[in-house]
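Here is the structure we will look at.
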Amino acid sequence: MRAGAGGAGPAQALRWPPMKARHCLQCGTLLAPFHDGERERLRCTSESCRWIFYGNPTPVVAALVEHEGHIVLVRNPGWPPKFYGLVTGFLEANETPEAGVLRELQEELGLEGEVASLIGVYSFEMRNEVIAAYHVRAHGTIVVGAELEDTKRVPPDKLRPWPGGTGLAVRDWLARRNG
Ligand SMILES: [Zn+2]
């Protein structure tokens, strides 16, 4: 993953624009606020361009990884202290969410796996992301990826959801499992 995808981040409300976009991606001219009749956008100030920055949410995939009877949680640098979350990452171009989540599983934990189910799709407004969360069954030996700080294995009975982000997927998975 690139730093910061999914699940955790500074606890602040999203402020428009969600990214520090200042310049047009088409021509490099400065962007300026513009109201399109529905909502505030950023628009290129070049009259011959007028490219609009929509700031659409970025798709993120998340894996609730089941491995040898445990759930594997990961810790990314920059996450809040002591916070462990799901394996997450941004989708690549021309990649299905299912392929993306298995690629992240391989990159972060060195494991092969199969998608067992789609847990749900969650809006993570704080980071302007939409998270597709999957239950993934994994096998092999864990090799912790270079981008991770740490991992931990939690028995499913000891797994507790956290508020927001991928925690909602954990909550829903546990509810279905226990229901
Ligand atoms: Zn432009």
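Before moving on, here are some points about what is shown:
- The lone exception for LYS82 - which of (1) within 16 Å of the ligand (Cβ to nearest atom); (2) part of a loop (DSSP other than H, G, I, E, B); (3) among the basic types (Lys, Arg) it fails: (1)
- Within the stretch 116-144, the set of residues being in contact with a Pro (Cβ under 9 Å, 6 or more places away or on another chain) and not basic (Lys, Arg) comprises LEU118, SER123, PHE124, GLU125, MET126, ASN128, GLU129, VAL130, ILE131, ALA132, TYR134.
- Subset of the stretch 22-72 that is small (Gly, Ala, Ser) and part of a loop (DSSP other than H, G, I, E, B) - its residue that is nearest to the ligand (Cβ to nearest atom): SER46
- Each residue in the stretch 139-159 was checked for being assigned to a strand (DSSP E or B) and over 16 Å from GLY85 (Cβ atoms), and 1 pass.
- Taken together, the residues in the stretch 150-179 that are touching a residue at least 12 places away in the same chain (Cβ under 8 Å) and under 19 Å from ARG127 (Cβ atoms) amount to 9.
- Test for VAL101: is it in a strand (DSSP E or B) and either more than 16 Å from the ligand (Cβ to nearest atom) or of a type in the set (Val, Ile, Thr) (or both): no
- The stretch 160-175 - residue that is out of contact with any helix residue (DSSP H, G or I) (no Cβ under 8 Å at 6 or more places or on another chain) and in a helix (DSSP H, G or I) and, of those, surrounded by the fewest Cβ atoms within 10 Å (Cβ to Cβ): ALA175
- Every pair of residues 6+ apart whose Cβ atoms lie under 7 Å, when the first sits in the stretch 95-106 and is outside the structural domain of HIS135 (by TED's automatic domain parsing) while the second is outside any helix (DSSP H, G or I): none
- If you go through the stretch 76-121 and keep only what is crowded, with 22+ Cβ neighbours inside 10 Å and among the hydroxyl-bearing types (Ser, Thr, Tyr), you end up with just THR88.
- The one condition from (1) of a type outside the set (Ser, Thr, Tyr); (2) touching a strand residue (DSSP E or B) at 6+ places or on another chain (Cβ under 7 Å); (3) at positive phi that LEU105 does not meet is (3).
The values are calculated or read from the model by the stated rules, or taken from the named source; none is laboratory data. These figures come from a predicted structure and were not determined experimentally. Note that each Cβ is placed from the backbone with ideal geometry, even for glycine, and that neighbours are counted across all protein chains shown.
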